[in-house]
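In what follows, a single structure is set out as structure tokens and then discussed.
The values are calculated or read from the model by the stated rules, or taken from the named source; none is laboratory data. Values in this document were obtained by computation on a predicted structure and should not be read as measured data. Glycine gets a Cβ as well: all are built from the backbone with ideal geometry, and neighbour counts include every protein chain shown. What goes into the accessible areas is simple: the full protein's heavy atoms, side chains included, and nothing from ligands, DNA or RNA. Shrake-Rupley method; radii C 1.70, N 1.55, O 1.52, S 1.80 Å.
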Amino acid sequence: MSVEEKYTVEFTEDGCAILRMKNGQNRLNVMTLMAINKALDKVEQNSSCRVLITTGEGKFYSNGLDLDWLKANPERVPEFNVLLIDSMWRLMHFPLPTVAAINGHSFAGGGFLAICHDYRVMRSDRGWISWNETLINLRIRGPMQEILHLKLDSRAIRESVVYAKRITGPEAVSLGIVDSVTSADRLISEAKSLGFGALGKNNIDRDMLKTMKQDTFPRKEFGVEIPSKM
Amino acid sequence: MSLEDKYQVSFHDDGCAVLTMKNGQNRFNLTTLRIINKALDQVERNQSCRILVTTGDPGGRFYSNGIDLDWLMSDPSHMAEFTALLLDTMWRVMHFPIPTVCAINGHAFAGGAFLALCHDYRIMRSDKGWISWNETLIQYRIPESLKEVITTKIDSRAIRESVIYAKRITGPEAVSLGIIDCVTSPDKLISEAKSLGFGAIGKNNIDRDMLRTMKQDLFPRKVTETSKL
């Protein structure tokens, strides 16, 4: 199975696109990010689809960056960094409501992926969301940091990032990191409720929604606003 | 008792450093800020110490009543040096290399409230004490360098209530506004403060330099102009 086949998009009859990551820990490297972007292209190309849900399979939503691959391919790190940031901001500014249906652990890069979505729902019984960079002496700077500050308040940042605590679903709700928790079998349906709830009875123009997200969550890099490339 | 004796650091067996300020209203001037920094130096030099709790006199009315305005007004030539040291002290606490907990034993007003916000965690008495910024009421503009401290830690609703409208916020109100983490009875203030601090570390071993760097990166000190308050 190629990498691309592990990132599938299902278009449901009620107007949802479900992007499923079925790649073990769903770690992020150049190939997997390209597969994710191809999947997002498919969603954007389908003009009848109204909500995007992303989810994983099994123990992980995403365990973050593929550090082994990065260590083995240092010459591709600059390419990876650009693609990672662009992908995060593509999601931040996606022209449809986006919901992360967090089926399992969401660590570091996986945590970032989740907070780039408009909404987050987690399992009530299993899975942690966390940023462990403090524990592995890895700094969070520039573009990734902006995302944190746009989506989390200082208390959430203190708990889940500065002190790298493993945050359960219910704790994540009380910290405002996720919107709600539910049982595993209701994860997708709750995600749909959140996504369709965003639209309500409105018809929201895709370009306007992207623009609104770009305006209210601007991408600045080291203090300079960068127009989104995707 | 010398002035230095009024700012004592005790190192507890459980790895907690407790800095207790017993200098009346615990106001800030050049002398008291230097003493506080010396106390922080002691804490940083002690490698076995894992969290820092700061507090006032358990029987006292104040955590800190802020800047020593009488002293400042009596000799304005100190302004630049004092301002720089005040800001440096605030941000030193903000970026402290171990978890910091403010055990707010009494009132925390203005400068005292700023210092409280610089800590990672805040706990107040449930029954007594207010946290508040009274600058609106004394026609005092908060300079950007100090404003940064506020906007880093609390949201617009908390700012509206405690800063813009200078309300005296009780412990329970401060919890609901997200200004502090929790309230407790006076006899449990220090032990609950310790729980917050040790709870931050959990079972982890967090490198001190990394923790300081992480705080510097995520709660950056951006404003460099600090010559006047």
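B:Pro58 fulfils the conditions (1) touching a strand residue (DSSP E or B) at 6+ places or on another chain (Cβ under 7 Å); (2) surrounded by fewer than 16 Cβ atoms within 10 Å (Cβ to Cβ); (3) within 28 Å of B:Trp130 (Cβ to Cβ) except for a single criterion, (1).
For region A:114-135, taking the residues that are polar (S, T, N, Q) and not in a strand (DSSP E or B), the one that is farthest from B:Ile206 (Cα to Cα) is identified as A:Ser124. In the set B:Gly129, B:Gly171, only one residue is farther than 17 Å from B:Gly66 by Cα, small (Gly, Ala, Ser) and buried (at least 17 other Cβ atoms within 10 Å of the Cβ); that residue is B:Gly171. The residue of region A:166-184 that is farthest from B:Ala158 (Cα to Cα), among those that are touching a helix residue (DSSP H, G or I) at 6+ places or on another chain (Cβ under 7 Å) and buried (at least 23 other Cβ atoms within 10 Å of the Cβ), is A:Ile167. Comparison of A:Leu83, A:Leu65 shows that the only residue that is out of contact with any Lys or Arg (no Cβ under 9 Å at 6 or more places or on another chain) and either buried (at least 23 other Cβ atoms within 10 Å of the Cβ) or not β-branched (Val, Ile, Thr) (or both) is A:Leu83. Residue pairs whose Cβ atoms lie under 8 Å apart, sitting 6 or more positions apart in sequence or on different chains, and linking a residue in region B:138-157 that is within 14 Å of chain A (Cβ to nearest Cβ) to a partner that is surrounded by 15 or more Cβ atoms within 10 Å (Cβ to Cβ) and polar (S, T, N, Q), are B:Thr152/A:Ser154; B:Lys153/A:Ser154; B:Ile154/A:Ser154; B:Ile154/B:Ser162. Evaluating B:Val93 against the criteria (1) outside any helix (DSSP H, G or I); (2) touching a helix residue (DSSP H, G or I) at 6+ places or on another chain (Cβ under 6 Å) leaves one unmet condition, (1). Candidates are the residues of region A:113-151 that are of a type in the set (Lys, Arg) and more than 7 Å from every other protein chain (Cβ to nearest Cβ); the one that is most open to solvent (accessible area, probe 1.4 Å) is A:Arg126.
Restricting attention to region B:189-215, the residues that are loosely packed, with under 15 Cβ neighbours inside 10 Å and either away from chain A (no Cβ under 11 Å) or assigned to a helix (DSSP H, G or I) (or both) add up to 3.
For region A:152-187, the candidate set comprises residues that are in contact (Cβ under 8 Å) with a residue 60 or more places away in the chain and under 15 Å from the mean Cα position of the chain (by Cα); within that set, the residue that is nearest to the other protein chains (Cβ to nearest Cβ) is A:Ile177.
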